[in-house]
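J.: One structure is given below, represented as structure tokens, and several questions about it will come after.
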Amino acid sequence: MVLTQEHISELVEQYGNMVLRLSYTYLKNKADAEDVVQDVFLKIMEKNPDFNDKAHEKSWIMKVTVNSCKNKLNLFWNRNKRSMDEAVETAVCDTYDIDSDVLKAVMSLPDKYRISGIYVLL
């Protein structure tokens, strides 16, 4: 079966809200849940699955949604997120020593190199 724009629109209309709600329950973040919704419907267009019936269609979409959420939760970024309070507690001093040999060396460079070097120090 060839997927048409019309059929995809019908699937989005029929299952989009349900996919969004399921994604939100997993991810607890609206933006991430919306990303999963897009991923799910892109996956349908990519794979073009041949569904036996409406129940098979729905279960396939829900399974892809759950798997996409689990994949998003397992991303390095999500595994290593911290709250701002935790980040402040573990932050290293973000100031630099004015008498530092490194800073003096960077300041003696021509503008072209010095400006990019300062960003590294900050």
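Taken together, the values in this text are just the output of simple stated rules run on the coordinates, not laboratory data. Values in this document were obtained by computation on a predicted structure and should not be read as measured data. In this analysis, Cβ positions are derived from the backbone assuming ideal geometry, glycine residues included, and neighbour counts consider all displayed protein chains.
J.: Evaluate the distance, in nm, between pseudo-label points positioned 7 Å from the Cα of Asp50 and of Asn29 along their respective Cα→Cβ axes.
T.: A separation of 3.9 nm, rounded to one decimal place.
J.: What is the packing order of peptides 20-33, 50-63, taking the mean over residues of other C-beta atoms within 10 Å and listing the highest first?
T.: The peptides rank, most packed first, as 20-33, 50-63.
J.: Now a separate question. Taking the alpha carbon gyration tensor of region 5-79, what are the square roots of 5 times its eigenvalues, largest first, to the nearest whole Å?
T.: After scaling each eigenvalue by five and taking roots: 22, 12, 11 Å.
J.: Tell me the label-point distance for the pair Gln14, Leu75, using the 7 Å Cα-to-Cβ offset, in nm and rounded to one decimal.
T.: So the two model labels end up 2.9 nm from each other.
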